[in-house]
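Have a look at the structure that comes next, please.
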Amino acid sequence: MIKNRLGRTPLEVSNICLGTMTFGEQNSEADAHSQLDYALERGINFVDTAEMYPVMPRPQTQGDTERFIGSWLKKSGRRGEIVLASKAAGPNPHLHWVREGKQNLDAASLRTAVEESLRRLQTDHIDLYQLHWPSRNVPIFGATAFDPAKERAAIPVEETLGALAQLIEAGKIGHIGLSNESAWGVSEFIKQSDMRGLPRIASVQNLYNLTARSFETSLMDETCFREDVGLLAYSPLAFGQLSAKYLDDPKASGRLAIFPASWSPRYLRAPVLAAVKEYAELARANGMTPTQMALAWCYSRWFVASTIIGATSLAQLKENIDAMSVTLTPEVVAAIDAIHARMTNPGA
């Protein structure tokens, strides 16, 4: 397993990160413990979670993902072997049960979020603490255009950084990162850190897969390269679409089948389905499964510090990790780019 240094921190994270948002919804506590054991056995040292998990988010299950990780940490005694990442939810009126609806990224709210996560995780610190989405108006989760009409009051970046600095000083978190951020947001956090001597972000956890490559063209790749910010690529299989399991069997089990279509409609768009068909045909014509090609693509990108994979079975987890051994030929890469040129970012 390849290890990459995360930003300018001393953290060395595996090229693959175990995503856990299925723990507590599609995976039981025993399943979660088995996945964590297997991930470490295969050399993964990076585990990512969030206070709002599992998904789809419900008040009855919120926090169960962190609880399952916490019970594994207590049972296994392996806290020192992993880089543990979690996330604080930003403002969202549809998640009124998270921190009693007080999710703005100010000092009091972030302190509550961290302390509740630490209690569930049964640990005294979180290595990488991320802002799950911004306080301000920004297009995310399938929205692709900035809309000034949606402007709202937001916590200033410098105030949020100051709050995070207090949590670092208290020893509750080690380093900080962003998620679902724009190039402007990354740049503003860096600027405020440099101007005010505040903690510097190490990473940004953003969407990246074969159907959603806007990271490459939104100035994010240059911004992150020049500022030493690592991309933690999430949804590398586009909620399972890029595995082609729904293409092969429209009744296949998975979150796109068991969750309401309104929850994540971007991966059900006709252009996504058309692109998935072409990528699957390309993979199979070159002796790969669609999953192997989609993940090998993410694993090989120069700007990806770690790719976050999730699974609902050990067999899926094994295939996802095994894709590390797949090398894409220049011809396959050129064919991927040709499909992308014709069908650009349908899943963004």
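The values are calculated or read from the model by the stated rules, or taken from the named source; none is laboratory data. Remember, predicted model here, so these are calculated numbers, not experimental data. Using ideal geometry, Cβ is built from the backbone for each residue, glycine included, and neighbour counts are taken over all protein chains shown. For accessibility, only protein heavy atoms count, side chains too; no ligands or nucleic acids. Shrake-Rupley method; radii C 1.70, N 1.55, O 1.52, S 1.80 Å.
For residues that are among the hydrophobic types (A, V, I, L, M, F, W, C), farther than 15 Å from I2 by Cα, touching a strand residue (DSSP E or B) at 6+ places or on another chain (Cβ under 8 Å) and open to solvent by 20 Å² or more (accessible area, probe 1.4 Å), tally how many sit in the range 293-322.
The qualifying residues number 0.
Sort through A305, A341, A348, A274 and tell me the only one that's part of a helix (DSSP H, G or I) and either among the acidic types (D, E) or in contact (Cβ under 8 Å) with a residue 24 or more places away in the chain (or both).
A274
Within the range 243-271, track down each residue that is open to solvent by 50 Å² or more (accessible area, probe 1.4 Å) and in a loop (DSSP other than H, G, I, E, B).
Across the range 243-271, the qualifying residues are D249, P250, K251, S253, P260, A261, S262, W263, R269.
Let me ask something else about it. State all residues of the range 74-97 that are outside any strand (DSSP E or B) and either of a type in the set (S, T, Y) or within 18 Å of Y129 (Cα to Cα) (or both); if no residue qualifies, say none.
Those that are outside any strand (DSSP E or B) and either of a type in the set (S, T, Y) or within 18 Å of Y129 (Cα to Cα) (or both): S76, R79, G80, E81, I82, A89, G90, P91.
Any idea how many residues of the range 183-234 are open to solvent by less than 30 Å² (accessible area, probe 1.4 Å), touching a Ser or Thr at 6+ places or on another chain (Cβ under 8 Å) and among the polar types (S, T, N, Q)?
Within the range 183-234, residues that are open to solvent by less than 30 Å² (accessible area, probe 1.4 Å), touching a Ser or Thr at 6+ places or on another chain (Cβ under 8 Å) and among the polar types (S, T, N, Q) number 4.
Moving on. So, in the range 128-175, exactly how many residues are among the β-branched types (V, I, T) and surrounded by fewer than 14 Cβ atoms within 10 Å (Cβ to Cβ)?
Residues in the range 128-175 being among the β-branched types (V, I, T) and surrounded by fewer than 14 Cβ atoms within 10 Å (Cβ to Cβ): 1 in total.
Yes or no, residue by residue, for (1) small (G, A, S); (2) within 23 Å of E216 (Cα to Cα); (3) in contact with a helix residue (DSSP H, G or I) (Cβ under 8 Å, 6 or more places away or on another chain):
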site: L273; (1), (2), (3): no, yes, yes
site: T291; (1), (2), (3): no, yes, yes
site: L295; (1), (2), (3): no, yes, yes
site: C298; (1), (2), (3): no, yes, no
site: S306; (1), (2), (3): yes, yes, no
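Taking L237 and the conditions (1) within 22 Å of G19 (Cβ to Cβ); (2) part of a helix (DSSP H, G or I), which numbered condition does it fall short on, given that it satisfies the others?
Failed condition: (2).
Report whether or not R67 is assigned to a helix (DSSP H, G or I) and open to solvent by 20 Å² or more (accessible area, probe 1.4 Å).
Spelling it out, R67 is indeed assigned to a helix (DSSP H, G or I) and open to solvent by 20 Å² or more (accessible area, probe 1.4 Å).
Those residues that are of a type in the set (S, T, N, Q) and either closer than 23 Å to Q26 by Cα or touching a His at 6+ places or on another chain (Cβ under 8 Å) (or both), I need them from the range 295-343; list them, please.
T307, T312, S313, Q316, N320, listed by residue number.
Quick check on this structure: which one of L237, L219, L231, L178 is on the phi > 0 side of the Ramachandran plot and touching a helix residue (DSSP H, G or I) at 6+ places or on another chain (Cβ under 7 Å)?
L219
I would also like to ask the following. Can you pull out the residues in the range 308-335 that are of a type in the set (A, V, I, L, M, F, W, C), within 23 Å of the chain's Cα centre (by Cα) and assigned to a helix (DSSP H, G or I)?
L314, A315, L317, I321, A323, M324
Within the range 98-127, take every residue that is assigned to a loop (DSSP other than H, G, I, E, B) and modelled with pLDDT under 95 and give me the one that is most open to solvent (accessible area, probe 1.4 Å).
So, considering only residues that are assigned to a loop (DSSP other than H, G, I, E, B) and modelled with pLDDT under 95, the one most open to solvent (accessible area, probe 1.4 Å) is K102.
Does the range 13-33 include one or more residues that are within 21 Å of F239 (Cα to Cα), open to solvent by less than 40 Å² (accessible area, probe 1.4 Å), among the β-branched types (V, I, T) and touching a helix residue (DSSP H, G or I) at 6+ places or on another chain (Cβ under 7 Å)?
Among the residues of the range 13-33, at least one is within 21 Å of F239 (Cα to Cα), open to solvent by less than 40 Å² (accessible area, probe 1.4 Å), among the β-branched types (V, I, T) and touching a helix residue (DSSP H, G or I) at 6+ places or on another chain (Cβ under 7 Å), which makes the answer yes.
Give the residues of the range 166-196 that are within 15 Å of Y129 (Cα to Cα), among the charged types (D, E, K, R) and within 22 Å of the chain's Cα centre (by Cα), sorted by residue number.
Selection gives K172, E181.
Within the range 338-348, take every residue that is of a type outside the set (V, I, T) and open to solvent by less than 60 Å² (accessible area, probe 1.4 Å) and give me the one that is farthest from M288 (Cα to Cα).
A348
A further question on this structure: Is it the case that the range 140-151 has a residue that's without any contact (Cβ under 8 Å) to a residue 40 or more places away in the chain, in a loop (DSSP other than H, G, I, E, B), within 29 Å of W184 (Cβ to Cβ) and among the small types (G, A, S)?
There is at least one residue in the range 140-151 that is without any contact (Cβ under 8 Å) to a residue 40 or more places away in the chain, in a loop (DSSP other than H, G, I, E, B), within 29 Å of W184 (Cβ to Cβ) and among the small types (G, A, S).
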